[in-house]
Amino acid sequence: MSMKSAIGANPLRIILLVTLAIMAFAGNSLLTRAGLSSGDLDATAFAAIRLGSGAVALCLFALWRGQTFRPGQSDLGGIIALFVYMAGFSLAYNDLDAATGALLLFGLVQMTVLAAGILRGDRPNVFEIAGMIIAFGGLVLLVGNRSHGASPIPVLLMAGAGIGWGIYTLLGRGAGDPLGRTARNFIGATPLAILFAFTFGDFHISTQAVWLAIASGVVTSAMGYAIWYAVLPALSRISAGVSQLLVPPVTALGGAALLAEPLTMRLAFASVIILTGVALTLIKPAPKK
């Protein structure tokens, strides 16, 4: 039995894998913010170490499983989407707290998935249109002005990361061989991240931050994304979107408990607005009789 058929035949396994993926996504925000908040590691170096360590771990595991991990032309889309996500994600977390970053990221992910459907010819219903407007209003509230809200530059960087991850998710829904495909994406994106670090990084580094980057690369990225690619074919577009909506609140709780990040009223109010808007885009009206 293939991995896809085994997952599809076992709802409890789907729930377990989705839960693990959500924890991995939240863990990435927490580890990245912890590694960059002290200023002991450059964001471009963090992204390169994260991708490189994840690539090594995935190669070893794929080799043990006898799976192909040499990138090909068909992997180019996933490689570019993964690099865009990783670069924007790391740079944005120089300034954003974990909860704000996760909220922006997955709000943009869902909007990207919805926009892709429209470009494929889907006609948005009234709930989707209203949801997009409400979610955008929440993002504007979250950004606010420079003295009270998030700074525009990291917000734009995280928005780019969200678009990259949205594309990566869309590509994964039709992907076979989740472990091998994830390994090829990481291998292909690692040279781009290294070149990016050498071009734009300033190369200050600390041992603790490096270990956090490795943990993010090996555990919450490499293994987390392989799990996500494994479970995606068993999920509908709606289920995949709803699942990722759980990441921002999990990240907010983790940030408060582990990183002593404040749960502000602006963040809470913006979270309710954005998540309400995104949730509306997932509602399908009853068919006309």
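The values are calculated or read from the model by the stated rules, or taken from the named source; none is laboratory data. These numbers come from a predicted model, not from an experiment. Reconstructed Cβ throughout: ideal geometry from the backbone, glycine too, with neighbour counts over all protein chains shown.
A few notes on this one:
- The stretch 26-43 - residue that is polar (S, T, N, Q) and modelled with pLDDT of 90 or more and, of those, nearest to Gly180 (Cα to Cα): Asn28
- Where Asp95 falls short, out of the listed (1) in contact (Cβ under 8 Å) with a residue 60 or more places away in the chain; (2) within 19 Å of the chain's Cα centre (by Cα); (3) in a loop (DSSP other than H, G, I, E, B): (1)
- Residue satisfying condition, being basic (Lys, Arg) and under 16 Å from Ile227 (Cα atoms), within set Arg70, Arg50, Arg65, Arg33: Arg65
- Residues that are touching a residue at least 40 places away in the same chain (Cβ under 8 Å), in a helix (DSSP H, G or I) and either of a type in the set (Lys, Arg) or farther than 18 Å from Tyr168 by Cα (or both) are absent from the stretch 67-90 altogether.
- Residues satisfying the stated conditions in the stretch 44-72, i.e. farther than 16 Å from Leu179 by Cβ and not basic (Lys, Arg): Thr44, Ala45, Phe46, Ala47, Ala48, Ile49, Leu51, Gly52, Ser53
- Residues that are among the aromatic types (Phe, Trp, Tyr), in a helix (DSSP H, G or I) and free of Cβ contacts under 8 Å to residues at least 12 places away in the same chain occur in the stretch 41-64; there is at least one.
- Here Leu114 meets the list (1) of a type in the set (A, V, I, L, M); (2) out of contact with any Asp or Glu (no Cβ under 7 Å at 6 or more places or on another chain); (3) under 24 Å from Ser243 (Cα atoms) almost entirely, failing just condition (2).
- The residue list Gly160, Gly88 contains one member that is over 25 Å from Pro233 (Cα atoms), surrounded by 15 or more Cβ atoms within 10 Å (Cβ to Cβ) and at pLDDT 80 or above, which is Gly88.
- Out of Gly101, Gly131, one residue alone is under 19 Å from the mean Cα position of the chain (by Cα) and crowded, with 21+ Cβ neighbours inside 10 Å. It is Gly101.
- In the stretch 219-241, residue farthest from Leu108 (Cα to Cα) [restricted to those that are out of contact with any helix residue (DSSP H, G or I) (no Cβ under 8 Å at 6 or more places or on another chain) and either surrounded by 15 or more Cβ atoms within 10 Å (Cβ to Cβ) or not β-branched (Val, Ile, Thr) (or both)]: Ser236
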